[in-house]
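The values are calculated or read from the model by the stated rules, or taken from the named source; none is laboratory data. Not measured: the values here are computed from a predicted model. Don't worry about glycine lacking a Cβ; one is built from the backbone with ideal geometry, like all the others, and counts go over all protein chains shown. Note: accessible area is taken over every heavy atom of the protein model, side chains too, but ligands, DNA and RNA are not part of it. Shrake-Rupley method; radii C 1.70, N 1.55, O 1.52, S 1.80 Å.
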Amino acid sequence: FIEAVGAREILDSRGNPTVEVEVLLDDGSLARAAVPSGASTGAFEAYELRDGDKGRYLGKGVQKAVEGVLDVLGPAIEDLDASDQRLVDATLIEADGTPNKSKLGANAILGVSLAVAKAAADSADLPLFRYLGGPNAHVLPVPLFNVINGGEHADNGIDMQEFFLAPIGADTYSESLRWGTEVYHTLKGELKAAGFATGLGDEGGFAPDLPSNREGLEFLVKAIEKAGFTPGKDIALGLDVAATEFFNDGVYRLDQKDWNAEQLIEYYEGLVRDFPIVTIEDALAEDDWDNWKLLTDALGSKVQLVGDDLFVTNPERLADGIKRGVANSLLVKVNQIGTLTETLDAVSLAQRSGYTAMLSHRSGETEDTTIADLVVATNAGQIKAGAPARSERVAKYNQLLRIEEELGESAVFAGRSAFPRFTA
Ligand code: PGA
Ligand code: ZN
């Protein structure tokens, strides 16, 4: 059972405070979890509690969230069986008592939820992916490397937030990691040769001031070929448009032009025709349900359409989307919903409904690698954790190398099968 719960304020990859939690069990098992933080957060995400005291960390301190763990959440779960994750999480949700976890903060609650799972895994003497996924956890994911950063993650002029390399043609996860990394380095050379800056954005991708979003995809194709791979067959492309960020009063502002949703959908159809794109995330804004339906009807049979700000890892919002026939894939971010149980519920709902699921980091990350274990535990087959560079990003990719090694002969790389709609 759970003996003690500790918490502290630490820094994330952007230099902002975040919550770290430690859980001790009566058998001496001890585990630690740290909570990530977004920049292009969806309006419907669970609440991230910050102190708002301008005298500390420009208002971004998380001392209140830490106190909530120490004074309320910890005592609420002490003496509970750590392996009863559903009861632990239900107890945490009840201790907060609000629909969006705004009293104690999803950052406080998630830290406890994840640390309990890790302590229970330790107590069972199992790796986290095995403890959570059971004997059938064996699928290594396709890593989606975000190699060009725009939008809220960089100070350049690119509207779209993330440009992915998806090495779907590799035989193993470790080979996909090598391929993506080789193209990442090649891309840097290509950008430099064309006179663009090669400074990095928040997720470790380059942040060049490209004249258009289409140009980003062209650079990826060039870099893939230059590195000796075939675009589409070996390495496909993906986008996180994060369209909510450039949507105002029914108008999308992209490439210095105003677009209505129909025009934007046509634009996406052109991109899918011209480039080997396997996945597009948040192609439209988080509230634009009717147009999401049009988009899904137009492109949903050819490409994965991922809901991030749209679904916010919330089983209720996802159920609504499934009923309406909107999107065909769920982005999974543990801190959008705030407990492990609700996260796993959202993933199972997606999987039961013919939706794919992509595990995801946040733009503000830590050395915590829980999502690497989660993607294998759920056999989801896809993960995005940024570029294959910067420690908070590669921590996840490196953890997957360890899991691949641990699984040995049992490991299966998801490859193309992770993207059932991609037929190009
Ligand atoms: P965020 O971005 O972590 O800044 O919200 C990631 C995403 O939009 O997928
Ligand atoms: Zn997103």
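Just for the range 160-290, what percent of DSSP beta bridges are antiparallel, to the closest 5?
Details: 11 of 16 bridges.
In the range 160-290, approximately 70 percent of DSSP beta bridges are antiparallel ones.
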I'd like the orientation of helix 289-299 relative to the chain: the angle between its Cα long axis and the longest Cα principal axis, in ° from 0 to 90, rounded to 10. 50 degrees
Out of Ala95, Ala242, Ala193, a Gaussian network model of the chain with alpha-carbon springs under 10 Å gives the largest mean-square fluctuation to Ala193
Taking amide H atoms as placed 1.01 Å from N in the peptide plane, list the residues 5 or more away in sequence, or in a different chain, whose amide H sits under 5 Å from that of His138. Asn379
Quick one: what are the phi-derived ³J(HN,Hα) couplings along the range 224-232, Karplus 6.51/-1.76/1.60 with θ = phi - 60°, whole Hz, x for glycine and proline? 4, 5, 4, 7, x, 10, 9, x, x
Between Lys226 and Ser102, the FRET efficiency computed from the C-beta separation at R0 = 45 Å comes out, to the nearest 0.05, as 0.40
Would you mind computing, in nm to one decimal, how far apart the modelled labels at Lys257 and Ser301 are, each placed 7 Å from Cα along Cα→Cβ? 2.7 nm
Of all the accessible heavy-atom surface of the chain, with the other protein chains kept in place and a 1.4 Å probe, what percent is carbon and sulfur? 46 percent
On average, how much accessible surface per residue is there in the chain, in Å², for a 1.4 Å probe, leaving out ligands, DNA and RNA? 37 Å²
Tell me which residues come under 5 Å, amide H to amide H, from Leu80 once H is placed; ignore anything under 5 positions away on its chain. Ile2
Anyone know which of Ala106, Ala389, Ala76 comes out most mobile in the 10 Å Cα GNM of the chain? Ala76
Could you work out the relative contact order of the range 316-384? I mean the mean sequence separation of Cα pairs under 8 Å and 6+ apart, divided by the number of residues, in percent. 30 percent
Cross-link candidates for Lys293: which lysines have Cα within less than 20 Å, leaving aside residues fewer than 8 places away along the same chain? Lys302, Lys323
Shape call for the range 246-325, from the Cα gyration tensor axes a ≥ b ≥ c (a/c under 1.5 means rounded, otherwise prolate when a/b beats b/c, else oblate), comes out oblate
Enumerate the calculated ³J(HN,Hα) couplings along the range 93-105 in order (Karplus 6.51 cos²θ - 1.76 cosθ + 1.60, θ = phi - 60°), each rounded to whole Hz, writing x wherever the residue is Gly or Pro. 4, 5, 4, 6, x, 10, x, 10, 6, 7, 6, 9, x
Can you list the HN-Hα couplings for the range 58-66, worked out from phi with the Karplus curve (6.51, -1.76, 1.60; θ = phi - 60°), rounded to whole Hz and with x for Gly and Pro? 6, x, 8, x, 10, 5, 5, 5, 4
Percent RCO, i.e. relative contact order, over the chain, from Cα pairs under 8 Å lying at least 6 residues apart: 20 percent
May I ask you to compute the full-extension gain from Glu316 to Glu78, defined as 0.36 nm times their residue separation minus their alpha-carbon distance, rounded to one decimal in nm? 82.7 nm
Against the longest alpha carbon principal axis of the chain, how many degrees, from 0 to 90 and to the nearest 10, is the axis of helix 391-407 turned? 80 degrees
In degrees between 0 and 90, to the nearest 10, how far off the longest principal axis of the chain does helix 173-193 point, with axes built from Cα atoms? 50 degrees
Rg and Dmax of the range 281-404, Cα atoms, in Å? 14.4, 43
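Among DSSP bridges having both ends in the chain, what percentage is antiparallel? Round to the nearest 5.
Counting DSSP beta bridges with both partners in the chain, the antiparallel share is about 60 percent.
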Set of lysines with alpha-carbon distance to Lys103 below 21 Å, sequence-local pairs under 8 removed: Lys54, Lys60, Lys64, Lys333
Once you keep just the Cα pairs under 8 angstrom separated by 6 or more residues, what percentage relative contact order results for the range 1-116? 33 percent
Report, in whole Å, the centroid distance computed from the Cα atoms of the range 1-40 and the range 236-303. 37 Å
Rounded if a/c is under 1.5, else prolate if a/b beats b/c, else oblate: with a ≥ b ≥ c from the C-alpha gyration tensor eigenvalues square-rooted, which is the range 1-159? oblate
With a ≥ b ≥ c taken as the square roots of the eigenvalues of the C-alpha gyration tensor of the chain, please select rounded if a/c is under 1.5 and otherwise prolate if a/b is larger than b/c or oblate if it is not? prolate
